[in-house]
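Here the structure comes first, spelled out in structure tokens, and everything after it is commentary.
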Amino acid sequence: MTPKQPGTTSNSGSKSRSRQRAATGTGLAEHIAAVQRLRRDYRALPEGAPVRLAKPTSNLFRFREPSDAPALDVSAFSGVISIDPVERLADVGGMTTYEELVAATLPHGLMPMVVPQLRTITLGGAVTGLGIESSSFRNGLPHESVQEMEILTGSGEVVTATRDNAHSDLFHGFPNSYGTLGYSLRLRIELEPVSPYVHLRHLRYHDASEAMAALARICADAAHEGHPVDFVDGVAFGPGELYLTLARFTDRAPWTSDYTGNDVYYRSIRRYADPAPAFVSSSSSGSVAGSAASGTAGPGDYLTIHDYLWRWDTDWFWCSRAFGTQNPLVRPLWPRALKRSDVYRRLVAWDRRTDFSRLLNHYRGRPQQEPLIQDIEVGIERGAEFLDFFHDQIGMTPLWMCPLRLREPRREGLAEGEHVWPLYPLENDRLYVNFGFWGLVDMKPGQRRAHHNRAVEEEVTRLGGHKSLYSDSFYTEEEFWALYNGTDYQNLKETYDPRGRLLDLYAKCVRNR
């Protein structure tokens, strides 16, 4: 198969090139004018009215009742303002999707340090709501590559927050605040160089402890069997069938796979799994792992960098099977342009509004089902325990596995027990593993409301982990604020939203207001 060209230029971020500022979106002057309009619109909202954003897409799974309250038009903040390929920086509107951002950076041979899996996740959303992907074991979470944020606060002011300026408390408290402290209008982020292709290798493990031990070793070394690794994630198809996918940049590929048509990426993991030890051989050329590949091909799979970044989006990981799009009779008829996570999400939203699937199960005499759409994190040393619990008590497969470690060093002056990112308190120098699971679980007669979701919450708390807040949560207020640092949050709320114009975090994420 002839390799597809990803549209990147090799080493375009080199210091030997003259400085270049590439305007690829709204432009700074237009951005400043848009900020002034937004401040005016915010002041014009009726006192006491809920503050909402007019956004065409959402990746949240906290479905709220429709509202006729006026919404702020933030469409002017959905563009890349500028890219500096020499300094490897980009100024980006907060409502810019990663699909737009990647399309602007790849022609410069660059990408964001962490690119979440779904195309329509926005940069501002990934920072205020957290994001993760297979580069997170070395680059942390998306907010850790942000240098400064321009934020419309709940008080209606626009402030620029950095790690060490007068608004550093907001800078560090913004992640996991979900728009309850303010909205990011512009972010300056770091970029990293890419190669045209990515070589993937899928390693099979037969039990959870074995897989977690291997994951810890690989992430500690950023290498496997002497070969550097740039990306790591994995899939558990069952208690005895787990795969770690190790990927690395390469300048050449003997072929490239295409998972935007009839083939399905997650099914390829089993097909291409090979225990033989080899990546393609490498020589230094300045990629993030210190190498760009050359030489002979090893086992595994190859994707263009563009297709690697969006490998999960075409089928929303594996959730497109719920709509029949993985059926070989249906898939060729489903347009490529509609094989996207945002399309599937709109179908789920329609189902929630109409109650269609619940009624269908009722008339077919089938058990009612509970949506279980969550991401959780536990320390790698507790990962096998969580998997054992999940397979025994929940039974849903597959599960996504993604390691992460904070990139941000611990700041001087933090007391014991304080965290760099206080609203999602992960420990420095500790490897975590994120488990993602998205689907429906059969309910049994007599089970409590949200039985499986609550069981997951309780187990994650027992294991000392945390749960992402993009989906339904069922914590009591006491439990919630203990987990997500209510003391620091209330201090930030009093400083940046003293009149309570924005919802608080519990009201938004648990009460679904």
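The values are calculated or read from the model by the stated rules, or taken from the named source; none is laboratory data. Note that the structure is a prediction, hence the values are computed from the model and not measured. Neighbour counts are summed over all protein chains in view; Cβ atoms, including those assigned to glycine, are modelled from backbone coordinates with ideal geometry. All accessible areas refer to the heavy atoms of the entire protein, side chains included, with ligands and DNA or RNA removed. Shrake-Rupley method; radii C 1.70, N 1.55, O 1.52, S 1.80 Å.
Considered as a group, the residues in region 112-126 that are within 11 Å of the chain's Cα centre (by Cα), assigned to a loop (DSSP other than H, G, I, E, B) and in contact (Cβ under 8 Å) with a residue 40 or more places away in the chain include one that is nearest to Pro142 (Cα to Cα), and that residue is Val115. Candidates are the residues of region 227-276 that are of a type in the set (S, T, N, Q) and assigned to a strand (DSSP E or B); the one that is nearest to Tyr205 (Cα to Cα) is Thr245. Here Asp84 does not qualify as farther than 27 Å from Leu215 by Cβ and in contact with a Ser or Thr (Cβ under 7 Å, 6 or more places away or on another chain). Screening Gln147 with (1) in a loop (DSSP other than H, G, I, E, B); (2) within 24 Å of Arg410 (Cα to Cα); (3) open to solvent by 10 Å² or more (accessible area, probe 1.4 Å) gives one miss only, at (1). I'd like to check something: does region 446-456 contain any residue that is open to solvent by less than 70 Å² (accessible area, probe 1.4 Å) and of a type in the set (Lys, Arg)? Yes: one or more hits.
Check whether at least one residue in region 90-111 is closer than 30 Å to Ile218 by Cβ, hydroxyl-bearing (Ser, Thr, Tyr) and not in a strand (DSSP E or B), and report yes or no. Checked region 90-111: at least one residue is closer than 30 Å to Ile218 by Cβ, hydroxyl-bearing (Ser, Thr, Tyr) and not in a strand (DSSP E or B).
For every residue, the table says whether it meets (1) modelled with pLDDT of 95 or more; (2) assigned to a loop (DSSP other than H, G, I, E, B); (3) open to solvent by less than 60 Å² (accessible area, probe 1.4 Å); (4) over 30 Å from Leu181 (Cα atoms).
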site: Phe386; (1), (2), (3), (4): yes, no, yes, yes
site: Phe389; (1), (2), (3), (4): yes, no, yes, yes
site: Cys402; (1), (2), (3), (4): yes, no, yes, no
site: Arg411; (1), (2), (3), (4): no, yes, no, no
site: Ala415; (1), (2), (3), (4): no, yes, yes, no
site: His419; (1), (2), (3), (4): no, yes, yes, no
site: Pro425; (1), (2), (3), (4): no, yes, yes, no
site: Asp429; (1), (2), (3), (4): no, yes, no, no
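In region 268-303, the qualifying residues are those that are modelled with pLDDT of 75 or more and in contact with an Asp or Glu (Cβ under 9 Å, 6 or more places away or on another chain), and the one that is surrounded by the fewest Cβ atoms within 10 Å (Cβ to Cβ) is Arg271.
Any residue at all in region 214-223 that's assigned to a loop (DSSP other than H, G, I, E, B), at pLDDT 95 or above and open to solvent by 10 Å² or more (accessible area, probe 1.4 Å)? Yes, some residue in region 214-223 is assigned to a loop (DSSP other than H, G, I, E, B), at pLDDT 95 or above and open to solvent by 10 Å² or more (accessible area, probe 1.4 Å).
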